[in-house]
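Single-structure report; data block below.
Every read-out reported here was derived from the displayed coordinates using simple, explicitly stated rules and does not represent laboratory data. Because the structure is predicted, anything quoted here is derived from the model rather than measured. All Cβ positions, glycine included, derive from the backbone under ideal geometry; neighbour counts span all protein chains shown.
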Amino acid sequence: MTELGTAKPVVLIVIDGLTPSMLEATDGPALRFLLEHGEYRRAVSTFPSLTPVCLASIATGAHPDVHGIPHLVWWNRDEQRLVEYGSSFAALRASGLVQGVRDTVVNLNERHLSHDAETVFEALEGAGLTTAAINITTYRGRHRHLSPIPGFPPVHGPKRFFFYSVYESDRTGAPIAWLNRSLGSIDSYAAAIGRWLVTRDGFDLLVHYLPDYDYASHVLGPDAAHEALRRADDSVSALLDAAGGPDQFLDRYAVVVCSDHGQSPVKESARLDVSGGLVTASNRAAMIYGDDARRLAEALDGEPAVDVALFLEDGEVVARRHGDDDGAVLDIYPEGRARAGAALRNRNAGEVILSAAPGYEFADLAGRHHQGGGSHGSLAAGDSEVPMLTVGIGPPPSSITGIKGLLLGHFLGARREAA
Ligand SMILES: [Zn+2]
């Protein structure tokens, strides 16, 4: 797709919820081949380490203080209502199913994602390149797309845009995305679209997002979803095959493989209630919206499910743990100080943000949790560390917020040299 003298096209593969140890130990042929031909490290996610927040960080190269997406569920001060991106299907229904789907699919990109943040799709297409996205929930771009499904308004995405059969820029013959999620129908849909795009060499950047692994890992617990990882590997294999084989694929494309966040085991769940505050809880993070941040944080001083309660006082981050202010605790988490500050300085965040204690999860709006399985969202390393693999595009970045810069450097740096 690129013109002479410019950079190789790139495929960015995001496997939702994949922990570093699972990728490092994989014997899946496609991922193993990429590991053996690339550079690998463990990198850090953002906070809260939850998919909508993390995918916004991957797409914009920034933390929530810039991109504005605070949590899976949050209080929209402008509209005086809850926004629920789908903590669970029951939570989505409790918050109003139609509104929830519209918030997740449409409003996240059209309204909640800050216009001060530029997505990688907007940046590259602004420079004349073609970008493609499959299923990633942060997709904002410069092209208007209509949906064939009644009730879904036009949205702005990359030129080649495929979103769970709801928006499709091109006819590909892919199966319907939703038919059987537990059997991996969403990743099968992504594989079919990916194959179609690679066969046509139809992009400079393809962002190929695979959500099914996270779904399985929530049920089975971290480091147990081997079957789901095999299916993710099959999706990657489909891309390699479409290029004529693994070597031909790497002749044509540079590659980045990562996840958006990790997962850790859940043994107990807790329902949080704070008088005078509105709690929005999901997975292993929660927000409290209310007037007196210190009082709201102190109200949870004895709560075993809370590892640390974070708030701003005179512009400084305060971390409360075991009933004391303890700023030093932030240094035990990967990039803890920077990530806590960026989460709190998001205009959509609660006055207090809670990071769950090891083994705990906060029940969502409908009381759902993943007890006995896996979850994520906290500052802890298990939730926050991600695998980061690059092939043919330079060293892997240390944070998911470094991916956009890596891609811009690759495409626009090479163009500058050619000029
Ligand atoms: Zn998840």
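Per-structure values
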read-out	value
Simple label model, 7 Å out from Cα along Cβ direction - Asp201 to Glu39, nm	2.7 nm
MRE, 222 nm, helices only [DSSP H, n ≥ 4, -39500 (n - 2.57), over the chain, to nearest 500]	-8000 deg cm²/dmol
Neighbour-count order for His218, His376, His322, fewest beta carbons within 10 angstrom listed first	His322, His218, His376
Candidate aspartates and glutamates for bridging to Lys8, where Cα separation is under 18 Å - those fewer than 8 sequence places away on the same chain excluded	Glu39, Glu125, Asp201, Asp204, Asp247, Asp251, Glu417
Förster-model FRET efficiency, 25 Å R0, Ile149 and Arg111, C-beta, rounded to 0.05	0.80
Positive minus negative residues near Phe47 (Lys, Arg vs Asp, Glu; Cβ under 15 Å)	-3
Charge dipole (the range 237-386, unit charges on Cβ, about Cα centre) - positive-most of Ala342, Ala319, Cys258	Cys258
Efficiency of FRET between Arg230 and Gln80 - r from beta-carbon atoms, R0 45 angstrom, step 0.05	0.50
Under 11 Å, Cβ to Cβ, from Ala356 - net charge with Lys/Arg +1 and Asp/Glu -1	-4
Simple spin-label estimate for Asp247 and Arg295 in nanometres, 7 Å along Cα-Cβ	7.1 nm
Farthest toward positive dipole pole in the range 1-153 [+1 Lys/Arg, -1 Asp/Glu at C-beta], among Asn109, Gly151, Phe47	Gly151
Which of Ser88, Ser185 has the fewest Cβ neighbours within 10 Å, and the rest in rising order	Ser185, Ser88
The range 22-111 - Rg over Rh from alpha carbon coordinates, Kirkwood radius	1.11
Computed lengthening from Arg32 to Ala381, 0.36 nm per intervening residue step minus Cα-Cα distance	123.2 nm
Residue order, fewest to most surrounding Cβ atoms within 10 angstrom, among Asp16, Asp383	Asp16, Asp383
Neighbourhood charge, 15 Å Cβ-Cβ cut-off, centred on Ser399 and excluding it, Lys, Arg +1 and Asp, Glu -1	0
Cβ charges +1 (Lys, Arg) and -1 (Asp, Glu), total dipole of the range 253-397, debye	480 debye
For the chain, convex hull volume per residue from C-alpha positions, Å³	129 Å³
Full-stretch length increase - Leu412, Arg337 - with 0.36 nm per residue and alpha-carbon distance subtracted	23.8 nm
Lys, Arg +1 and Asp, Glu -1 on Cβ, resulting dipole of the chain about Cα centre, debye, nearest 20	1160 debye
Spacing of the two label points (7 Å from each Cα toward its C-beta) at Arg142 and Gln371, in nm	5.2 nm
